[in-house]
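The structure appears below as structure tokens.
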Amino acid sequence: MSPQFDSLKQLWDMAGHGPYVWTVVLVSLAVLGWLLIRPVQQHRDNLQSIARQSQRQQLQQAASTSSAEPSEEDK
Amino acid sequence: MAAGRNWNWFHRMGSPRWFYETTGRWLPWLWVLTLGLMLTGLIWGLAYAPQDAKQGNSFRIIYLHVPASFLALAGYYLMAIAGAIGLIWKMKLSYMVMKSAAPIGAALTFIALFTGAVWGKPTWGTYWVWDARITSMLILLFLYLGVLALQYAFHSQETGNKASAILALVGTVNIPIIYKSVDWWYTLHQPATIKFTSAPSMHMDMFQPLLVMIIAMYSFYGLALILYTRVEILRRERKSSWVRELALRTQPAQVDQ
């Protein structure tokens, strides 16, 4: 197993087939990369929004119980 | 009771929470495996594999074209089987896997078609022909997009799941046609290079990096499918206590007090 090209320039040119091969490589890697990045971002965004919602609910519950307690004692 | 115990694993596997937690432990390894194999296979195939006697360097496109096509087809079976399990056993997780498989399969089919078109130009002198293999792959792309579209076409998630699953199952007719198309209609597309029944019709120095890329693509598929399914689990289980606890535990305070 030995390198087929003597220089990066030759690897890029591929004896005239470079434009075809490298277009394929770049487009394919872009699509594959997008396939992985998208769910990672959505996962993070989902967790954040669920956390925000849960915290808001906790605060509301805490507020309603603390405001409700004195009125209970007033009776 | 014994029968009940035997089916325990099946029910546990159907639990989104179990899936989420188990795959969470696999993810770091899958990332390393996928990126490592992909990098190795690409460098090997692009720079070290010998060039083809007839096609020259354009043949190197095979290192993306064949693995993507393999997984585009295998992924369709997986999606259809997940849909069938959802229809028969009403398993929620199974529908989530089916939905996740659709965009991945569509993207891989697109890669297969795109790499094939670019490869066609220096080899056949044209980007596109209405050859049986190519046309049936285009139909595969539309089937994937159809399954995805049906998921969003109904107000009820349940109806969308059933419709998607039925389309996925009906579409499996197309898969053997794709496999056999190069033998039934001998046109431009060359016959399969790799067969289970005989030695590959290519030199070992060319075949080894291809094998690495095929394993890399399987690993990639597993990784992507797990990532998408986990997002779907969070989305559909967002009201359940384990998801809320997970979100509160992993996310820093979001609300200003």
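Read the figures in this text as sums done on the coordinates, not as results from a lab. On a predicted model such as this, the values are computed, not experimentally measured, just so you know. Cβ sites come from the backbone with ideal geometry, for glycine too, and all protein chains shown count toward neighbours.
Residues that are among the polar types (S, T, N, Q) and either outside any helix (DSSP H, G or I) or more than 22 Å from the chain's Cα centre (by Cα) (or both) were ranked within segment B:125-184; the one that is surrounded by the fewest Cβ atoms within 10 Å (Cβ to Cβ) is B:156. For segment A:1-15, the set of residues classified as surrounded by 12 or more Cβ atoms within 10 Å (Cβ to Cβ) and more than 7 Å from chain B (Cβ to nearest Cβ) consists of A:10, A:12, A:13, listed by residue number.
Within segment B:202-257, restricting attention to residues that are closer than 30 Å to residue B:49 by Cβ and without any contact (Cβ under 8 Å) to a residue 60 or more places away in the chain, the residue that is nearest to the other protein chains (Cβ to nearest Cβ) is B:204. For segment B:74-121, the set of residues classified as among the small types (Gly, Ala, Ser) and surrounded by fewer than 20 Cβ atoms within 10 Å (Cβ to Cβ) consists of B:74, B:84, B:117, listed by residue number. Screening segment B:37-69 for residues that are facing another protein chain (nearest Cβ under 8 Å) and not in a helix (DSSP H, G or I) and picking the one that is surrounded by the fewest Cβ atoms within 10 Å (Cβ to Cβ) gives B:50.
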